[in-house]
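J.: Below: one structure in structure tokens.
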Amino acid sequence: MENKAMKQQFTALFEEVKQHGSFNGVVLVAVDGKAVLCEAIGIAEYNDGGQRDLTTDSMFELASVSKPITALGIVRLQQLGQLQWDDPIANWIPELPYPGITIRHLLSHTSGLPDYIKLFANVWDPTRYARNEDVLRMLIEHQPDPLFAPNESWMYSNTGYIVLAILIEKISGKRYGDFLDEQIFQPLWMTRTKVYNRRVDPGPVPDDYAWGYVYRIGHGGYVLPDEVPELNYVHYLDGLQGDGMVNSTVGDLLRLDRALYDNEFIDSMLRQLMFSPVKMNNGETFPYGMGWLIEHDDRFGNIAHHTGGWPGYSTWFKRYIDRDMTLIMLQNGERDHAYTQQLVKSIEQIMAGEEYDVPRPLEIKKLIPLEPKNVEAQLGKYRFASETEESFDVKVYVEQDKLYMKLDNGMRLSLLPLTSTRYYEEQTSSELEFLNSEEGKGMRLIWYTGDEPEVAERVGC
């Protein structure tokens, strides 16, 4: 499809998206490095004087789309001759009580390091801001069990990318943000990109900053996550860097996209390694390279991509390498992840020259009052188990006349009643249902998170 026809279809699609009122963010699509779509929709900031609209130059927190940038910082250190992929991290952090982990393992999520978010939810003082050195100290002091031995399996690891940021500082002798600025942002003219911890950083808020909002029915619409008690971790984890906290714009990320094709910036052999699946000890591979998920699509060929999600922000960065196409989507007020997925699908249909489907407008949830007598039979501990993933427990309980579900990583989700047995959860935009099991074994919890619902049996009070 010619770019002119593609632009016309994007214009028609986004006219409908605007009417839905369900998207708040900026989208860029480029072909051969040239934008064929760059659209800003929605609000950058609510304030006493009203509101400030997003622009195509608005700066967003990238959440986990920071990981490819952290990985690129490690790649720059390798190019400077200051590390090798299979160097043990004990060379620089000998006190970390998890032997055998290499830099390659951290980059590819095969280290087996335990989840720091779960650890902090259980033992950290939530009135204090945590820093990267606190993550290291807590791992040393508490020594939670590793998930598996290095390179024995694959598990997405925020902890691993915190450790990579620590390594960047130890090896370079510079602060993480300063090193990225010197090695990546300045050389690529990414002038609207910085490592920025909004709540911790005493400096001025960047110009045209997109404040991250969450949609909460009980609060009447979009609010800062700071106002939602169950999201208190956005406070105490705000001082961390490496797995998140790079802030940028769609334009700057397109500059990064172009540099990743440039042999002077990244050697072609090294680029191939970055975008190759990791191989584990048993010979199996997983489609993750050095900071990038990898997939093959019949329409587009090879794709390298990463997404990010944190209260207030939802981010997508997809590079259709064989077609030299790019999709960058930055949101600061996602209402429903399923809507975002539908919109990405529609955009890709246009990019592929196919007939496109318009995303379905969001259904307005109709809530009912919480009835204590109905809730009593639903309280307790439930265990989710599947054949392919580890089991995990959740606790369903009432606090101050509200129903909550607490995950085993410490995260607390508020359940809003749609019926006496069915509930809506805003943070994951999903529904849950309590049913008596057909086998007469007691209460069962069904969580409708995707194509196949997850089922949990009650295992205790």
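Laboratory data are not the source of any read-out in this text; all were calculated from the coordinates shown. Quick caveat, the model's predicted, so the values are computed rather than measured. All Cβ positions, glycine included, derive from the backbone under ideal geometry; neighbour counts span all protein chains shown.
J.: At a threshold of 8 angstrom on Cα-Cα distance, excluding pairs fewer than six apart, so keeping six or more, what relative contact order does the stretch 25-351 reach in percent?
T.: Values: 608 pairs, mean separation 84.9, N = 327.
Rounded, it is 26 percent for the stretch 25-351.
J.: List the residues whose amide H sits under 5 Å from the amide H of LEU37, counting only those 5 or more places along or on another chain, with H placed 1.01 Å from N in the peptide plane.
T.: HN-HN under 5 Å from LEU37: VAL29.
J.: Using Cα positions and a limit of under 19 Å, work out the lysines in reach of LYS406, with same-chain residues fewer than 8 apart set aside.
T.: Correct list for LYS406: LYS118, LYS381, LYS395.
J.: Using only C-alpha positions, report the orientation-averaged shadow area of the convex hull of the stretch 372-460, nm², one decimal. It would help to have the intermediate numbers written out before the result.
T.: On the way: hull surface 24.4 nm².
Over every viewing direction, the Cα hull of the stretch 372-460 projects on average to 6.1 nm².
J.: If packing is taken as the average count of other Cβ atoms within 10 Å, what order do 95-106, 268-279 fall into, highest mean first? List each step's numbers first, then the result.
T.: Details: 95-106: 18.4, 268-279: 15.2.
By packing density, highest mean first, the sequence is 95-106, 268-279.
J.: How big is the charge dipole of the chain about its Cα centre, in debye rounded to the nearest 20, if each Lys and Arg gets +1 on its Cβ and each Asp and Glu gets -1 on its Cβ? Please list the in-between numbers first.
T.: Numbers: 44 positive and 69 negative charges, 98 e Å.
That gives the chain a dipole magnitude of about 460 debye.
J.: Right, something else. 7 Å from Cα along Cα→Cβ at both GLU2 and ARG383: what's the point-to-point distance in nm?
T.: 6.4
J.: Over the stretch 308-379, what is the mean sequence separation of C-alpha contacts under 8 Å (at least six apart), divided by residue count, expressed as relative contact order in percent? Show your work: numbers first, answer last.
T.: Working: 56 pairs, mean separation 13.6, N = 72.
Reported relative contact order: 19 percent.
J.: Follow-up question, since we're still on this one. By how many nm would the segment from LYS174 to ARG360 lengthen if fully extended, with 0.36 nm per residue of separation less the alpha-carbon distance? Mind dumping the intermediate values first?
T.: Details: separation 186, 0.36 × 186 = 66.96 nm, distance 4.79 nm.
That works out to 62.2 nm of additional length.
J.: Oh, and also: Report the charge-dipole magnitude of the stretch 92-200 in Debye, nearest 20, computed about the Cα centre from +1 at each Lys and Arg Cβ and -1 at each Asp and Glu Cβ.
T.: Working: 12 positive and 12 negative charges, 93 e Å.
For this selection, approximately 440 debye.
J.: Cα convex hull of the stretch 25-351: how many Å³ per residue? List each step's numbers first, then the result.
T.: Numbers: hull volume 46.0 nm³, N = 327.
Roughly 141 Å³ of hull volume per residue.
J.: Name the residue farthest towards the positive end of the dipole of the stretch 392-460 from the options PHE434, LEU445, GLY460, assuming +1 on Cβ of Lys and Arg, -1 on Cβ of Asp and Glu, about the Cα centre.
T.: GLY460
J.: What percent does the relative contact order of the stretch 372-460 come to when contacts are Cα pairs within less than 8 Å and at least six residues apart? Could the numbers behind the result be given before it?
T.: Details: 167 pairs, mean separation 21.3, N = 89.
Relative contact order comes out at 24 percent.
J.: For the stretch 81-134, state the semi-axes of the equivalent ellipsoid (square roots of 5 times the eigenvalues of the alpha-carbon gyration tensor), sorted largest first and rounded to whole angstrom. Before the final figure, lay out each step's value.
T.: Working: eigenvalues 134, 31, 20 Å².
Taking √(5λ) for each eigenvalue gives 26, 12, 10 Å, largest first.
J.: Determine the calculated [θ] at 222 nm for the chain from helices alone, applying -39500 (n - 2.57) to every DSSP H run no shorter than 4 residues and normalising by the residue count; nearest 500 deg cm²/dmol.
T.: Details: 12 runs with 117 residues, N = 461.
Theoretical 222 nm ellipticity from helices: -7500 deg cm²/dmol.
J.: Excluding same-chain residues fewer than 8 positions from LYS402, which aspartates and glutamates have a Cα within less than 18 Å of its Cα?
T.: Of all the aspartates and glutamates, those that pass the test against LYS402 - Cα under 18 Å, at least 8 places apart if same chain - are GLU227, GLU230, GLU371, GLU376, GLU425, GLU426, GLU431, GLU433.
J.: On to the next question. For LEU54, which sequence-distant residues (separation of 5 or more, or a different chain) have an amide H within less than 5 Å of its own amide H, given hydrogens modelled in the peptide plane?
T.: So LEU54 has HN proximity to GLY42, ILE43, ALA44.
J.: Dipole of the chain (Lys/Arg Cβ +1, Asp/Glu Cβ -1, origin at the Cα centre): which of VAL394, THR191, LEU254 lies farthest to the positive side?
T.: Checking the options against the dipole of the chain, the answer is THR191.
J.: Let me ask you something else. Beta carbons within 10 angstrom, averaged per residue: use that to sort the peptides 173-182, 296-305, highest first.
T.: Details: 173-182: 17.1, 296-305: 14.9.
The most tightly packed comes first, giving 173-182, 296-305.
J.: Could you name the aspartates and glutamates in cross-link range of LYS34, using Cα to Cα under 18 Å and dropping any fewer than eight places away on the same chain?
T.: Leaving aside aspartates and glutamates fewer than 8 places away in the same chain, those within reach of LYS34 are GLU2, ASP57, ASP252, ASP257, ASP262, ASP322, ASP324, GLU348.
J.: If you place +1 on the Cβ of every Lys and Arg and -1 on the Cβ of every Asp and Glu, how big does the dipole about the Cα centre of the stretch 372-460 come out, in debye to the nearest 20?
T.: Details: 11 positive and 18 negative charges, 107 e Å.
About 520 debye.
J.: Then there is this: Towards the positive end of the charge dipole of the stretch 320-461, with charges on Cβ (+1 Lys, Arg; -1 Asp, Glu), say which of LEU413, GLN378, THR340 has the farthest Cα.
T.: Farthest along the dipole direction, towards plus: GLN378.
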